[in-house]
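Every read-out reported here was derived from the displayed coordinates using simple, explicitly stated rules and does not represent laboratory data. Predicted model only: the values in this text are computed from it and were never measured. So basically every Cβ, Gly included, is an ideal-geometry build from the backbone, and we count neighbours across all protein chains shown.
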Amino acid sequence: MNDLALEQLRTLVAVVDEGSFEAAAAALRITPSAVSQRIKALEAATGRVLVRRTRPVAVTEQGAEVLRLSRQVDLLVRELRPADGDALPLTVPLVVNADSLATWFLPSVAPVLGRVRIDVQREDEQHSLARLRDGSTLAAVSADADRVPGCSVTAIGVMRYRAMASPAFIERWFADGVTAATLERAPMVNFDRLDDLQRRFVRHVARGSRTEPPSHYVAGSDAFRNAVRLGIGWGMLPDLQSADLEAAGEVREIAERTRTDVKLYWHQYQLDSPSLAILSEAVSDGAGAWLR
């Protein structure tokens with residue numbers, strides 16, 4: 001692969017990451033016209049439209065395969081042959097679920113961030129593999145054990161969640177116990193529309209009855225935790241986030257045995273990359289110390 005092709009691949013990565021041709025040009029220190037020419041040349045060489053010229057730029061389904069290749073080649077070339085002014089530590093794009101990001105992930109990788117940089121995208125643990133498949137990232141923390149082609153997958157531990165609420169909330173809404181009827185009335189807190197943890201607990205208790213609790217949506221792991229603490233609703237909190245609140249008497253389980261264990265997996269592209277290896281080892285060691 002010649003230098004021009006390598007620059008085309010690097011330009012595709014920059015366009016997708018920066019969100020526009022102009023921002024990619026600034027990041028690469030070239031003109032927007034040069035960015036456009038490189039993308040057009042790469043599209044001509046591959047025979048497919050790679051990106052939609054929207055704001056932000058979006059990779060097409062056909063372009064996802066080229067983007068995956070571009071990311072991998074760009075990382076390896078930077079490690080093997082750093083360009084002028086481009087030295088380690090290199091940046092590894094990855095996707096991590098919000099609760100891991102708010103608890104164990106950053107303390108786990110912090111010791112190695114002098115040797116590698118991270119570009120973290122936040123995604124629900126059940127949906128993060130889509131970011132690997134579309135070429136957005138090179139690694140992921142996910143609750144999905146399915147192996148993405150070209151990637152390895154390793155079980156790293158379990159995050160335990162329990163249905164929690166403030167004592168005042170429990171006294172008001174669950175004085176008669178946690179049943180399908182009381183869950184139908186008691187407000188619950190969801191992280192977003194993809195968050196299924198609360199609904200899984202409701203389905204378990206309701207056992208087939210159609211139960212649709214009133215819902216609040218609070219996107220942000222710390223904000224979600226605070227919403228439960230303030231009595232806005234009940235929600236599934238990971239033990240790593242609820243332990244201090246429980247010890248202080250600010251939250252407690254809404255009933256006995258409400259736990260849900262979510263298995264987490266580390267996915268990464270199978271590349272002979274020192275940067276990925278450093279990050280993978282840190283994630284594995286940290287997960288062993290923090291997770292069940």
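Numbers at a glance
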quantity	calculated
Debye, to nearest 20: dipole size of the chain, +1 on Lys, Arg Cβ, -1 on Asp, Glu Cβ	500
Centre separation in Å (Cα based) which lies between region 1-74 and region 101-156	23
Table column - 3J(HN,Hα) (Hz), region 133-140, Karplus curve with 6.51, -1.76, 1.60, x for Gly and Pro	5, 8, x, 5, 9, 10, 7, 7
Gaussian network model of the chain, springs between alpha carbon atoms under 10 Å - residue of Gly114, Gly135, Gly231 with greatest fluctuation	Gly114
Choice from Gln72, Gln241, Gln37 showing the highest fluctuation, given a GNM over the chain with Cα pairs closer than 10 Å	Gln37
Difference of contour (0.36 nm per residue) and Cα-Cα distance, Ala277 to Ala255	3.6 nm
Unit charges at the beta carbon, dipole of the chain: most positive-side option, Ser280, Ala98, Phe191	Phe191
Contact order relative to length of region 1-79, as percent, for alpha carbon pairs under 8 angstrom and 6 or more apart	33
Under 5 Å, built H, 5+ apart or other chain: amide partners of Val251	Glu246
Helix-only CD estimate at 222 nm, as mean residue ellipticity for the chain, using -39500 (n - 2.57) per DSSP H run (n ≥ 4)	-13500 deg cm²/dmol
Leu90 long-range amide H proximity, modeled H, under 5 Å	Arg117
Only Lys, Arg (+1) and Asp, Glu (-1) charged, at Cβ; region 1-79 dipole about Cα centre in debye	180
Residue order, fewest to most surrounding Cβ atoms within 10 angstrom, among Asp192, Asp74	Asp192, Asp74
Sorted by Cβ neighbour density within 10 Å, fewest at the top, the residues His204, His127, His267	His204, His127, His267
Scaled radius of gyration (Cα, divided by 2.2 N^0.38 Å) that region 1-79 gives	0.97
Cβ-placed point charges (K, R +1; D, E -1), dipole of region 234-292 about Cα centre in debye, nearest 20	200
Label-point gap, in nm, between Ala180 and Leu6 - each point 7 angstrom along Cα→Cβ	6.4
Quarter of Cα convex hull surface for region 160-261, i.e. mean projection, nm²	5.8
Among Tyr161, Leu245, Leu80 - extreme Cα towards positive end, dipole of the chain, charges at beta-carbon	Tyr161
